[in-house]
Amino acid sequence: MTMPKQETDTLRALRALADSRSSVRLRAAMAVGTNPDPRFVDTLVERCAIEPEFHVREMLTWALTRHSASMTVPALLGELRSELAQARSQALHTLSKIGDRQAWPAITRELLYDADDEVARSAWRAAVVLVPEGEERELAAVLSAQLGRGERGTQLSLSRALIALGEVILPAVRAARTDPDPRVRAHALAMERLLYDPDAGFDFAIEEAKRVVALGTTLQEG
């Protein structure tokens, strides 16, 4: 019996998503997103966990956003428990793009404090998109507890997440200005500057804050 053309196209696209050539995988993800089919959801989610190329992962995420949230969100939530950091990170990233607030309970403190920086960064972005009205201050406290974490990229991601929450972050950020760790103090000072003067730019604000902290420490030691 000859397989219907639609079935043949589906099987071809599924195979293409696992092709060794990234250009083929990219086109396949684009094709799947252009013509959404519920049968692709599980494969798209599984591929996100192992896809090595950034641009292909972004296309996989886009393809998932083209499908019904009632199908994609449950599949993505399951990935948040994966042992693979990329699976957790990409699922969080995709949930932030879908923007379905029913996913909020799954954004746990464990994910927000994940030891893997990429997972944590994705969790921060998802959290500020999905946080219910009235819970922003609590989220600000959780995020502010990580001021000073990691290198520039991680600190920049945290800064962007906090700024997206607005002035509710001020109590937590101001409390961090007295932290014993100079990295935390500098990041907190930079955050306050950026909240009121976003045009200052992260790099300028953080370097200026480091100088202020260093000067303060020198004066105290003197």
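The values are calculated or read from the model by the stated rules, or taken from the named source; none is laboratory data. Values in this document were obtained by computation on a predicted structure and should not be read as measured data. Every residue, glycine as well, gets a Cβ built from its backbone with ideal geometry; the counts of neighbours run over all protein chains shown.
Taking the condition of being among the small types (Gly, Ala, Ser) and buried (at least 16 other Cβ atoms within 10 Å of the Cβ), how many residues in region 165-202 meet it? So the answer is 5. Criterion first (surrounded by 14 or more Cβ atoms within 10 Å (Cβ to Cβ) and closer than 19 Å to residue 131 by Cα) does residue 57 satisfy it? It is false that residue 57 is surrounded by 14 or more Cβ atoms within 10 Å (Cβ to Cβ) and closer than 19 Å to residue 131 by Cα.
Taking the numbered list (1) without any contact (Cβ under 8 Å) to a residue 40 or more places away in the chain; (2) under 27 Å from residue 155 (Cβ atoms); (3) within 15 Å of the chain's Cα centre (by Cα) in turn, residue 51 passes all entries but (3). In region 179-208, the residues that are closer than 14 Å to residue 147 by Cα and in contact (Cβ under 8 Å) with a residue 12 or more places away in the chain form Cβ pairs under 9 Å with partners that are among the basic types (Lys, Arg) and crowded, with 21+ Cβ neighbours inside 10 Å, at six or more places apart or across chains, as follows: 179/185. Where residues in region 81-108 are free of Cβ contacts under 8 Å to residues at least 40 places away in the same chain and more than 17 Å from residue 128 (Cβ to Cβ), which of them is surrounded by the most Cβ atoms within 10 Å (Cβ to Cβ)? Of everything passing the filter in region 81-108, 88 is surrounded by the most Cβ atoms within 10 Å (Cβ to Cβ).
Among the residues of region 196-219, those identified as closer than 16 Å to residue 180 by Cα, of a type in the set (A, V, I, L, M) and at pLDDT below 85 are 215, 219.
Give region 55-86 a look and list any residue that's within 16 Å of residue 17 (Cβ to Cβ) and small (Gly, Ala, Ser), or say none. Residues satisfying the conditions are 63, 75.
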